[in-house]
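Quick notes on the structure that follows.
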Amino acid sequence: MLVRKVDKKRRTAAGGAALWLLCTMFGLFLCTRGAVALPTVIEPRPETRHLETELIDSVNGLRAERNLPALRENASLTEVAREKAEQIRRDDEFAHILPSYGDPFSMMERAGLKFTAAGEDLAHAHYSAATTVVDWMNSLGHRNNVLSPVFDEIGVGLAPDRHGGWIWVALFMKSDGVVVA
């Protein structure tokens, strides 16, 4: 689970030293903005599109139970999530920050996404959206992303892992309302 809020006036990570210490204690990562071009668009595997949809429906079901608005799927955010899942598979490196692509927020910015807050949840070796979401709900940081009232959009990507399950990537964001090509 990774989270970032952006102070648009100062263009710095939110908070300062006290917030950084608190975030590191709870496994959160805050960073500043970066930019370069994203690699090619990853099309969904035929067998994964329904799983991506199931995960989004599960997340939105949990949000509805708590009177939170549903997250809208953002096609560009989904492309970034798919690329991240594929990169984790190719590099066999399960991490929020990948050596070849950096952090997910930079990947989102390279895709032209504008946001005021963003988060990432990862899972691997899960066979269904249901078990993935159950695990996320049992982890405070992941649960906070799933149930954050700040986020209004979601993108989900999957890739097969070497254990016969799936690598799951969910990206959450509060849209700035602009996508730059």
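Assorted remarks:
- Each Lys and Arg adds +1 at its Cβ and each Asp and Glu adds -1 at its Cβ; summed about the Cα centre, the stretch 98-181 shows a dipole of about 60 debye.
- Annotation for the stretch 87-165: chymotrypsin sites (Phe, Trp or Tyr not before Pro) lying in DSSP loop with at most 15 further Cβ atoms inside 10 Å of their Cβ are Phe94, Tyr127.
- For the stretch 161-166, putting each phi into the Karplus relation 6.51 cos²θ - 1.76 cosθ + 1.60 with θ = phi - 60° gives couplings of 9, 6, 9, x, x, 10 Hz, in residue order, rounded to whole numbers and with x for Gly and Pro.
- Against the criterion of solvent-accessible heavy-atom surface with a 1.4 angstrom probe, Met108, Met137 sort, most first, into Met137, Met108.
- In Hz, Karplus ³J(HN,Hα) per residue of the stretch 135-150 (6.51, -1.76, 1.60; θ = phi - 60°; x = Gly, Pro): 4, 4, 5, 8, 10, 3, x, 5, 4, 4, 5, 4, 9, 5, x, 6
- Residues whose placed amide H lies under 5 Å from that of Phe94, excluding near-sequence neighbours: none
- Checking every one of the trypsin sites (Lys or Arg not before Pro) in the stretch 86-162 against DSSP loop status and a limit of 13 other Cβ atoms within 10 Å picks out Arg162.
- The stretch 64-134: GluC sites (Glu not before Pro) in DSSP loop, at most 13 other beta carbons within 10 Å: Glu93
- Heavy-atom SASA rank of His142, His124 (probe 1.4 Å, accessible area, largest first): His124, His142
- Between Leu62 and Ser100, the contour length at 0.36 nm per residue exceeds the alpha carbon distance by 10.3 nm.
The values are calculated or read from the model by the stated rules, or taken from the named source; none is laboratory data. All values derive from a computational prediction rather than experimental measurement. Using ideal geometry, Cβ is built from the backbone for each residue, glycine included, and neighbour counts are taken over all protein chains shown. Remember, those area values only see protein heavy atoms, side chains included, never the ligands or the DNA or RNA. Shrake-Rupley method; radii C 1.70, N 1.55, O 1.52, S 1.80 Å.
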